[in-house]
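Trainee: Have a look at this one before I ask anything.
What follows draws every value from the coordinates through simple rules; no lab data is involved. What you see is a predicted model; the values in this text were computed from it and never measured. So basically every Cβ, Gly included, is an ideal-geometry build from the backbone, and we count neighbours across all protein chains shown.
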Amino acid sequence: MNYTLDFTPVIDGLPNLLWACLGTFTLAICGMLLAIVIGIGGVILRQSPLKPLRWLVIGFVELIRNTPFLVQIFFIYFALPLAGIRLDPTPTAIIALGINGGAYAIEIIRGGVQSISKGQMEAGLALGLHKAQVFRLIILKPALRAIYPSLTSQFILLTLTTSIASAISAYELTSVSQRIESDSFRSFEVYFTVTAFYLVISWVMMRIFALFSSRYFSYPVR
Amino acid sequence: MGREEFLFLLAGLKWTVALSVVAFICGSVAGLMVALARTSGIFIVERLTAGYIAVFQGTPLLMQLFVVYYGLALIGIQMDAWAAVSVGLTLHASAFLGEIWRGSIEAVPRGQTEAAKALSLGYVSRMKDVVLPQAIRISLPATIGFLVQLIKGTSLASIVGFTELTRAGNIISNQIFQPLTVFGVVGALYFLMCCPLTIYGAHLERKFLTASR
């Protein structure tokens with residue numbers, strides 16, 4: 001082994017890399033918000049009395065869950081212009097992340113809704129509460145608490161998935177590191193450092209999620 | 001898209017299947033080691049494997065493939081893209097399967113291990129004959145779920161430069177300028193591979209749920 005590691009290109013590119021981390025965060029957070037919206041919308045549609053609508057949601061979920069994100073993002077990247085929508089790679093990546101995360105969110109949220117026993121709803125109504133009140137005061141928090149662990153681990157997965165958005169050269173950590181790599185040819189050093197960055201990012205997100213959970217969901221349950 | 005192009009995609013599909021199979025088999029062997037090390041009861045070994053798993057779960061698969069691809073070349077091992085990607089996916093699979101199987105080994109009731117110890121079975125026999133057969137059963141739905149993830153993950157090999165299904169799709173799409181048709185077909189091929197597995201996994205999960213009720 002006659003190769004000396006040289007981290008100078010990485011150190012020189014550090015400001016760029018740190019800004020790119022912000023890009024990754026932006027992608028991840030916007031993707032998550034879109035995923036939540038799609039998730040809630042999907043669950044509502046999935047419980048609609050119209051059978052075709054329910055099948056549409058099921059088909060969407062299975063289609064997204066059984067194809068690779070890379071193929072999805074390529075498809076969306078080429079499909080949007082044909083639909084007359086011209087977007088930069090970064091918004092396109094957000095849409096793709098939201099759609100992908102949304103399909104998983106539908107499954108997770110559906111599980112949460114089902115986990116609340118029917119008796120809770122009936123007891124609330126029997127106490128003379130309004131349907132909306134029952135939902136807000138009784139159902140919402142335990143349901144959120146039930147889905148919280150799987151939803152947050154799905155979000156961390158989504159954050160890591162943002163690296164695939166480099167395939168359409170959206171602005172995020174991986175695409176910036178690829179640029180530094182192709183300028184310096186210090187492939188291992190660049191990718192090793194960036195991998196460590198991702199590790200820190202996912203660790204930080206995990207801590208934040210855990211902090212939030214201990215703050216809001218740590219009331220005693222029987 | 002003509003016959004020629006479709007056959008090219010099928011040639012790519014062949015490599016996707018090969019990658020998935022190699023990564024899953026090698027990853028299972030390594031993952032079993034990881035799971036056993038993770039539940040060994042030796043503090044340092046458990047910490048080390050926990051760290052190994054955390055690193056693979058906390059970083060993108062794409063980065064793992066890059067690091068392995070360039071890292072192997074760095075320590076003087078000359079490999080083509082196919083071998084390097086296989087190694088990368090195998091390591092990835094070993095960490096995830098290791099974590100899944102750790103969970104299922106721990107889910108086997110403690111009494112089973114205690115009974116095996118009381119019968120003075122050694123570690124190997126205790127694991128091989130008592131704990132693992134039950135753990136494998138418990139882990140089956142999650143293992144199949146991960147296999148689907150792994151098949152989808154092989155698509156990232158295309159970014160490293162290995163011609164599997166997704167890259168074959170890229171090449172064809174650049175030739176005939178019909179990206180929607182091409183990626184539609186590519187997506188359908190992945191779907192045909194993954195969907196039966198997903199359905200089977202869900203079926204097993206339901207079956208076990210009813211059995212344990």
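Trainee: Can you list the residues of segment B:62-96 with backbone N under 18 Å from a point 7 Å past the Cα of A:S182, pointing along Cα to Cβ?
Mentor: What the label zone holds, given the 18 Å backbone N cut-off, is B:63, B:66-67, B:70.
Trainee: List the extent of the Cα atoms of segment A:91-222 along each of their three principal axes, largest first, rounded to whole Å.
Mentor: Extents along the principal axes: 70, 30, 17 Å.
Trainee: Largest first and in whole Å, what are the equivalent-ellipsoid semi-axes of the protein assembly as shown based on the Cα gyration tensor, each being the root of 5 times an eigenvalue?
Mentor: Ellipsoid half-lengths, sorted descending, are 35, 31, 24 Å.
Trainee: Separate question: Modelling each spin label as a point 7 Å along the Cα-to-Cβ direction, I'd like the A:T8/B:N174 distance in nm, to one decimal.
Mentor: 3.3
Trainee: Let me ask another. Mind checking which aspartates and glutamates have their Cα closer than 20 Å to the Cα of A:K51? Skip sequence neighbours fewer than 8 apart in that chain.
Mentor: A:E62, A:E107
Trainee: Continuing with this model, one more query. Compute the distance in nm between two label points, each set 7 Å from the Cα along the Cα-to-Cβ direction, one at A:V113 and one at A:A79.
Mentor: 2.3
Trainee: What is the calculated FRET efficiency for B:K128 to A:L33, with r their C-beta to C-beta distance and R₀ = 45 Å, to the nearest 0.05?
Mentor: The formula returns an efficiency of 0.40 here.
Trainee: Turning to a different aspect of this structure: For chain B, what does the helix formula give at 222 nm: sum of -39500 (n - 2.57) over DSSP H segments with n ≥ 4, over the residue count, nearest 500 deg cm²/dmol?
Mentor: Here the helix-only value at 222 nm equals -28000 deg cm²/dmol.
Trainee: Still on this structure, please answer the following. What angle do you read, to the nearest 10 degrees and between 0 and 90, between the alpha-carbon axis of helix B:81-107 and the longest principal axis of chain B?
Mentor: Value to nearest ten degrees: 30.
Trainee: I would also like to ask the following. Can you run the Rg to Rh ratio on segment B:72-213? Use alpha carbon positions and the Kirkwood inverse-distance Rh. Write out the running numbers ahead of the final one.
Mentor: Working: Rg = 20.7 Å, Rh = 18.3 Å.
Ratio of gyration radius to Kirkwood radius: 1.13.
Trainee: Pop the C-beta distance of A:T26 and B:T210 into the FRET formula with R0 = 41 Å and round what comes out to the nearest 0.05.
Mentor: Computed FRET efficiency for A:T26 and B:T210: 0.35.
Trainee: Also: Quick check on segment A:24-174: what are the equivalent-ellipsoid semi-axes from the Cα gyration tensor, as sqrt(5λ), descending, whole Å?
Mentor: That gives 33, 17, 12 Å for the three semi-axes.
Trainee: Jot down the radius of gyration and Dmax of segment B:1-149, Cα atoms only, both in angstrom.
Mentor: 18.6, 67
Trainee: Helix A:89-115 versus the longest principal axis of chain A: what is the Cα-based angle in degrees, 0 to 90, to the nearest 10?
Mentor: Around 30 degrees separate the two axes.
Trainee: Then there's this: In nm, give the distance between the simple-model label positions of B:L119 and A:Q133, each being 7 Å from the Cα along the Cα-to-Cβ direction.
Mentor: 6.1
Trainee: Then there's this: Report, in degrees rounded to the nearest 10, the 0 to 90 angle that the Cα long axis of helix B:165-176 makes with the longest principal axis of chain B.
Mentor: Its long axis makes an angle of about 10 degrees.
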